[in-house]
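Below: one structure, written as structure tokens.
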Amino acid sequence: ALVAAATNAASTIRDRLSPDAWRVLTELSALEAWLPATATEGDAYEHANNILRSLAAFSGLAQENMNRLTGWRFLELGRRIERGIATCRFVAIFGGAEMPTAALDLLLELADSQITYRSRYVGGLARLPAIDLVVLDGNNPRAVAFQADRIAEHLAVLPGRRSDGQLSAAERTTARLVTRLATAEAGEVDEEFLNEAQASLLWLSEEISLRFFTHRG
């Protein structure tokens, strides 16, 4: 459904897409439709990797070729919100105190943070350092804190800001989330903490959509 929606959206602005971007989308649509019902687990794994490579290629083209105007900022906001939500969910599933070490390794892989963790912590896998890296580290591009910081930056320069200098509802929610993530310690990141962060991000998605993409008469 997401691939179909992306292709449909791209087709309406075909003249604004580079040939490379359109080719990647076309390849992605073909990949999405390829996997047969009789595919093995190995086939599905390789298929998923091929799709990830196409998505990474499209993301790279967008980052390198798009002008840093309002459209790019909306694209970035969507990326940061989705990544923050996904990471909260990964941590909730694989980062619990009762989870085995293998689950932490999977968490780091899903957060694309294995290399960073191993270069920083030489003593092996441990829950609190892993949580700190993927949730609270503002320098880790995959961490929830990093996403919140970028969201705040983009919201601050979107059009239609209040003339009295007051923060919008979205900016206030983001500021609270940024502060909570910046001041928390890894031991505080429990199910309630993750649910609150995820709820803030989900609310932001709805608020941005209503404010900028819904006509309110």
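If you take the residues in the range 19-55 that are in a helix (DSSP H, G or I) and aromatic (Phe, Trp, Tyr), which one is nearest to residue 83 (Cα to Cα)? Can you show your working first?
We begin by selecting, within the range 19-55, every residue in a helix (DSSP H, G or I); these are 19-32, 41-55.
Subset that is aromatic (Phe, Trp, Tyr): 22, 45.
Values: 22: 24, 45: 21 Å.
Across the range 19-55, the extreme among qualifying residues is 45.
So, in the range 155-175, exactly how many residues are of a type in the set (Gly, Ala, Ser), within 14 Å of residue 207 (Cβ to Cβ) and surrounded by 10 or more Cβ atoms within 10 Å (Cβ to Cβ)?
Narrowing the range 155-175 to residues of a type in the set (Gly, Ala, Ser): 156, 160, 163, 165, 168-170, 175.
Within this subset, residues satisfying the condition of being within 14 Å of residue 207 (Cβ to Cβ) are 160, 168-170, 175.
If we keep only those that are surrounded by 10 or more Cβ atoms within 10 Å (Cβ to Cβ) as well, we get 168-170, 175.
Of the residues in the range 155-175, 4 are of a type in the set (Gly, Ala, Ser), within 14 Å of residue 207 (Cβ to Cβ) and surrounded by 10 or more Cβ atoms within 10 Å (Cβ to Cβ).
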query: Restricting the search to the range 132-148, which residues are open to solvent by 20 Å² or more (accessible area, probe 1.4 Å), over 25 Å from residue 100 (Cα atoms) and either in contact with a helix residue (DSSP H, G or I) (Cβ under 6 Å, 6 or more places away or on another chain) or among the hydroxyl-bearing types (Ser, Thr, Tyr) (or both)?
result: 138
message: For the range 97-123, which positions are in contact (Cβ under 8 Å) with a residue 12 or more places away in the chain and either touching a Phe, Trp or Tyr at 6+ places or on another chain (Cβ under 8 Å) or of a type in the set (Gly, Ala, Ser) (or both)?
response: 97, 104, 106, 107, 108, 110, 111, 113
- request: State whether one or more residues within the range 95-110 are in contact with a Ser or Thr (Cβ under 7 Å, 6 or more places away or on another chain) and either part of a helix (DSSP H, G or I) or within 15 Å of residue 197 (Cβ to Cβ) (or both).
  value: no
field: Residues of the range 180-201 classified as farther than 17 Å from residue 129 by Cα and open to solvent by less than 80 Å² (accessible area, probe 1.4 Å), total
entry: 6
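Look through 31, 25 and report the one residue that is in contact with a helix residue (DSSP H, G or I) (Cβ under 7 Å, 6 or more places away or on another chain) and free of Cβ contacts under 8 Å to residues at least 24 places away in the same chain. Quick ask: steps written out before the conclusion?
Values: 25 fails: free of Cβ contacts under 8 Å to residues at least 24 places away in the same chain.
Of 31, 25, the one residue that is in contact with a helix residue (DSSP H, G or I) (Cβ under 7 Å, 6 or more places away or on another chain) and free of Cβ contacts under 8 Å to residues at least 24 places away in the same chain is 31.
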- request: Only one of these is at pLDDT below 95 and among the aromatic types (Phe, Trp, Tyr): 212, 146. Name it.
  value: 212
Residue under evaluation residue 129, criteria (1) in a helix (DSSP H, G or I); (2) surrounded by fewer than 12 Cβ atoms within 10 Å (Cβ to Cβ), criterion not met: (2)
statement: When every residue in the range 33-68 that is more than 21 Å from residue 19 (Cα to Cα) and aliphatic (A, V, I, L, M) is compared, the one most open to solvent (accessible area, probe 1.4 Å) is 37
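For the subset of the range 187-208 comprising residues that are out of contact with any helix residue (DSSP H, G or I) (no Cβ under 7 Å at 6 or more places or on another chain) and part of a helix (DSSP H, G or I), which member is farthest from residue 92 (Cα to Cα)?
Keep residues of the range 187-208 that are out of contact with any helix residue (DSSP H, G or I) (no Cβ under 7 Å at 6 or more places or on another chain), which gives 188, 190, 192-193, 195-196, 199, 206.
Those still in the list that are part of a helix (DSSP H, G or I) too: 188, 192-193, 195-196, 199, 206.
Values: 188: 13, 192: 10, 193: 10, 195: 9, 196: 12, 199: 13, 206: 22 Å.
Of everything passing the filter in the range 187-208, 206 is farthest from residue 92 (Cα to Cα).
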task: Scan (1) part of a loop (DSSP other than H, G, I, E, B); (2) in contact (Cβ under 8 Å) with a residue 12 or more places away in the chain for the single condition residue 58 breaks and write down its number.
output: (1)
- prompt: How many of the residues making up the range 8-18 are assigned to a helix (DSSP H, G or I), loosely packed, with under 11 Cβ neighbours inside 10 Å and over 21 Å from the mean Cα position of the chain (by Cα)?
  reply: 5
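The values are calculated or read from the model by the stated rules, or taken from the named source; none is laboratory data. Computed from a prediction, not measured in an experiment: that's the story for all the values here. All Cβ positions, even for glycine, are placed from backbone atoms using ideal geometry, and neighbour counts span all protein chains on display. The area values use the complete protein model at the heavy-atom level, side chains included, leaving out ligands, DNA and RNA. Shrake-Rupley method; radii C 1.70, N 1.55, O 1.52, S 1.80 Å.
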